[in-house]
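Data first, discussion second: the structure below is written as structure tokens.
The values are calculated or read from the model by the stated rules, or taken from the named source; none is laboratory data. Since this is a predicted model, take the numbers as computed values, not measurements. Cβ coordinates were reconstructed from backbone atoms using ideal geometry, including for glycine residues, and neighbour counts include every protein chain displayed. SASA here: full protein model, heavy atoms, side chains in, ligands and nucleic acids out. Shrake-Rupley method; radii C 1.70, N 1.55, O 1.52, S 1.80 Å.
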Amino acid sequence: MPSQPPSQRSVFQVSELVGTLKHAVEMNFPGLWVDGEISNFVAARSGHWYFSLKDDRAQIRCAFFRNRNLRCKPPGNGQRVLLHGHPSIFTARGELQLIVDQMEDAGAGALHLAFERLKRQLAEEGLFDAARKPPLPAAPRCIGLLSSPQGAAIHDVLTTLARRNPLARVILYPIPVQGAEAPARIIEALQTAQRRAECDVLLLTRGGGSLEDLQAFNDEALARTLADIRIPTLSAVGHEIDFSITDFVASERAATPTAAAERLSPDQSHWRQRLNQERQRLQQALQQSLQAARRRHGELAARLAPASPQRRLLDRSQWLDDLQQRLLQQMRLRLRAARQEWLTQRQGLGASALLRRVAQRHQQWQILDHRLQLAMRQRLKDAAQRQEQLRLRLSDLGPQEVLRRGYSITWHDGRVLGDPDLPEGERLRVQLHAGDLWASVSKKQ
């Protein structure tokens, strides 16, 4: 089949092609987690880290910039880690790489995988089904509290119960809340409470902690024992963002120990009940509004990130690091070649001529070495000045600098106002450099 005439061909410059691929990769691949092994780790003078992440079949280059790796300990070659980041392309080389923003040791990931595996197994067996769980009483008279006597959680629970329902009786079943012996002790306390049958509800609680600290509440034997307890149970383990296996097995889960105490001590007066209902509606509406705003913010941030001045500065910084490494490598190669030539000529000279040629070559080598060092320093200085000029130009073009010069952005209903055709009385938000102003349409021109 004949090829197209030259006038009809679509021809890309190399930089255009690589730039198009870079944009496509960054726009179509969101943040993701990657598990692998560190190799070829290099910590540049700029503070950026460059390395490869590999498994037994493939590898990918990674860049972990200084503004993200300050709180991380430099990994060692061969260390297995979990990385979070997004794919990109280093345009100077046309190489696919992973821009890293988080790094975790793979051990913590193993605990999370074990948690998810047990959660999935128990769910398939029906231990999480609501139909098998005894419901919590509306107003319990006796509450069995399973917690550490020295922990902060018991103080929060008792303080809240004393304020909201001082008539409720509380029986403490002391337990350790972490450590290897904790699951067996918690099982023993649950069985004791079941045997005594003196409580209307059992509250299993502890304060927040790491995934390792909460492991006692992710025990399979404890989960099965809790599922067999016929007394209604409430699980409040950790902070609001923490989840444990007992949260899914218990009759209900509370976000915090204080929330659990509030759940077991509902207000008695009608007006406080109505107030709580209205507050919940308001919180739900506010949460939905905030979630919509967060989604919109995330979308805008994802669209602006590839073209942000910070990203361009990081690309330039990476380019300078690469240039410096190439210059050092070329300098070593030239010095090695000069030494090899000197040794070769030395072997072909006699004793008298050898000293003279050695002195001449040594002087030439010193001159070349001095010139090379001067050229390298000048090249690095020029590159640093160029980077600073680009940074200042990019900073002047940023939105905050535009606002600093006296401009403003007018918002209406969460969108930038472009059409002045609005009814009188409409609320507007005017974004300035130092803060926001609220205005309303008073008169249309």
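When the accessible area of the stretch 79-162 is computed with all protein chains present and a 1.4 Å probe, what percentage of it is carbon and sulfur?
Taking all protein chains in place, the stretch 79-162 shows 55 percent carbon and sulfur surface.
So I have [x] 35; [y] 21; [z] 59, and one of them is percent of Cα pairs over 36 Å apart calculated from this model. Which one is it?
Matching the structure shown: [z].
Stokes-Einstein diffusion coefficient for the stretch 13-102 at 10 °C in a medium of 1.306 mPa s, Rh from the Kirkwood formula over Cα pairs: what value in µm²/s?
116
Within straight cross-link reach of residue 73, meaning Cα distance under 19 Å, which aspartates and glutamates are found once same-chain residues fewer than 8 apart are removed?
Result set, ordered by chain and number: 35, 37, 101, 104, 105.
Under the √(5λ) rule applied to the eigenvalues of the Cα gyration tensor, what semi-axes describe the equivalent ellipsoid of the stretch 386-427? Give them in Å, descending.
Details: eigenvalues 226, 16, 10 Å².
For the stretch 386-427, the semi-axes come out at 34, 9, 7 Å.
If you take every residue apart from residue 18 with its C-beta less than 13 Å away from the C-beta of residue 18, what net charge results, scoring Lys and Arg +1 and Asp and Glu -1?
Within the 13 Å Cβ shell, the charges total -2.
Only helical DSSP H runs with n ≥ 4 go in: add -39500 (n - 2.57) per run for the chain, normalise by residue count and round the 222 nm mean residue ellipticity to 500 deg cm²/dmol.
Per the formula, -16500 deg cm²/dmol.
Taking the Cα centre of the chain as origin and charging only Cβ (+1 Lys, Arg; -1 Asp, Glu), how large is the dipole, in debye to the nearest 20?
In debye, rounded to 20, the chain gives about 2200.
Hey, if you drop one equal point scatterer on each alpha-carbon of the stretch 158-264 and run the Debye formula without solvent, what base-10 log of I(q)/I(0) do you get at q = 0.14, 0.20, 0.21 Å⁻¹?
-0.50, -1.06, -1.17
Give me the Kirkwood hydrodynamic radius of the stretch 80-222, using the inverse of the mean 1/r over all pairs of distinct Cα atoms, in Å to one decimal.
Taking the inverse mean of 1/r over all distinct Cα pairs, the stretch 80-222 comes out at 18.7 Å.
Using Cα pairs under 8 angstrom and six or more residues apart, how large is the relative contact order of the chain, in percent?
It comes to 10 percent, rounded to a whole number.
Using a Gaussian network model of the chain whose springs link C-alpha atoms within less than 10 Å, name the residue from 263, 45, 206 with the highest mean-square fluctuation.
Comparing 263, 45, 206 in the GNM, the peak value goes to 45.
Between the alpha-carbon centers of the stretch 86-150 and the stretch 179-223, tell me the distance in whole angstrom.
18
Kindly report the accessible area of the chain per residue (heavy atoms of protein chains, probe 1.4 Å, no ligands, DNA or RNA), in Å².
65
Tell me, what does the Kirkwood hydrodynamic radius of the stretch 139-218 come to in angstroms if you use every pair of distinct C-alpha atoms?
When all Cα pairs of the stretch 139-218 are included, the Kirkwood radius is 13.2 Å.
Using +1 at the Cβ of each Lys and Arg and -1 at the Cβ of each Asp and Glu in the stretch 55-145, identify which of 75, 118, 62 lies farthest towards the dipole's positive end.
Toward the positive end, the furthest listed residue is 75.
Where the only charges are on Cβ atoms (+1 Lys, Arg; -1 Asp, Glu), what is the dipole of the stretch 127-282 about its Cα centre, to the nearest 20 debye?
Roughly 740 debye, rounded to the nearest 20.
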